[in-house]
């Protein structure tokens, strides 16, 4: 029993923290190290992101992707221009044609179909 | 809501939850509350004050990194003291200071013991050998079991138990009131 009492007393004594005058300075030092670690981590994450971004941009620029995309855009622009030109011509010739209103609607539908075809081609080219 | 109150008014568990969410001021409050306990334990284990402070800082930083592991099952103080004690033991072992056979220079259980020394745990611990001091501080200050202490120290369980027993016998003499100084010292197994 005396032994148990002594061990409990010892536990209590160990659990009583000593009074240290520089407790606040110690806490500030830990906070400073936490902040420093946090800032370092942020810099490291930022630097890693920057390097990864630069590598990604270099890879994209070095690959033929942009060149192919540019060529495809030129082809599609030409196809679109052709379509529009055809429509304009058809409009100009409408008055000269000996057809009625039905024929005009039919021509308009064909124009829409041509446009849809051009868009479809453009989508196919980009895929 | 905990976030609307000042850190000083919050319980340790609430502060730990805030710290787990990245709230560093909340963790700073925990350091303010328990810094002395951690530093005191390391000094009682035998670390010089400067080294004790360095290890205590490392322990708090490690605690911040692992704060999600603290779920309030024990006290925050006990949790972080255990981390600090393990860090110190690792350093202690690296410096090969653990000699299982080492005995203190002050082996005399008799002799004059001042009244102040009887009640001052810090002074009483100085009369133990480094190994006894380490084992007693680990088991009673850091709250680790004999088996955990043996594992941390990489020493046989029996050796740790004997160091604890011898250390307790010496402490009992030094910390006992004057009239109880003649009582027969006995062993301890409660932390095994």
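Measure nothing fancy, just the Cα-based angle from helix A:65-94's long axis to the longest principal axis of chain A, in degrees from 0 to 90, nearest 10.
Value to nearest ten degrees: 30.
What does the convex hull of the Cα atoms come to per residue for region B:8-96, in Å³?
Expressed per residue, the convex hull around the Cα atoms of region B:8-96 is 86 Å³.
If each of residue B:123 and residue A:39 carries a label point 7 Å out from its Cα toward its Cβ, how far apart are those two points in nm?
Result: 4.5 nm between the two label points.
Averaged over its residues, how many other protein chain Cβ atoms are within 10 Å of peptide A:24-37's Cβ atoms? All intermediate terms of the calculation are to be shown ahead of the outcome.
On the way: counts 3, 2, 10, 11, 3, 7, 16, 8, 2, 5, 11, 2, 0, 4.
Across A:24-37, the average partner-chain Cβ count within 10 Å equals 6.
Taking springs between alpha-carbon atoms closer than 10 angstrom, which of A:22, A:11, A:35 fluctuates most in the Gaussian network model of chain A?
Result: A:11 has the largest fluctuation of those listed.
Cα gyration tensor of chain A, axes a ≥ b ≥ c as square roots of the eigenvalues: rounded (a/c below 1.5), prolate (a/b > b/c) or oblate?
prolate
Could you calculate the contour length gain from residue B:11 to residue B:50, that is, 0.36 nm times the residue separation minus the distance between their Cα atoms, to one decimal place in nm?
11.1 nm
Please give the contour-minus-distance gain from residue A:3 to residue A:69: 0.36 nm per residue of separation, less the Cα-Cα distance, rounded to one decimal in nm.
On the way: separation 66, 0.36 × 66 = 23.76 nm, distance 8.57 nm.
Length difference between fully extended and current span is 15.2 nm.
How much FRET efficiency would the formula 1/(1 + (r/R0)^6) give for residue A:24 and residue A:58, where r is the Cβ-Cβ distance and R0 is 51 Å, rounded to 0.05?
Rounded to the nearest 0.05, the efficiency is 0.50.
Residue by residue through B:121-130, how many Cβ atoms from other chains fall within 10 Å of the Cβ on average?
Other-chain Cβ atoms within 10 Å of each residue's Cβ, averaged: 1.
Bear in mind that the values in this text are calculations on the coordinates, not laboratory data. Since the structure is predicted, the reported quantities are computational estimates derived from the model, not experimental observations. Virtual Cβ from ideal backbone geometry, glycine too; neighbours counted across all protein chains shown.
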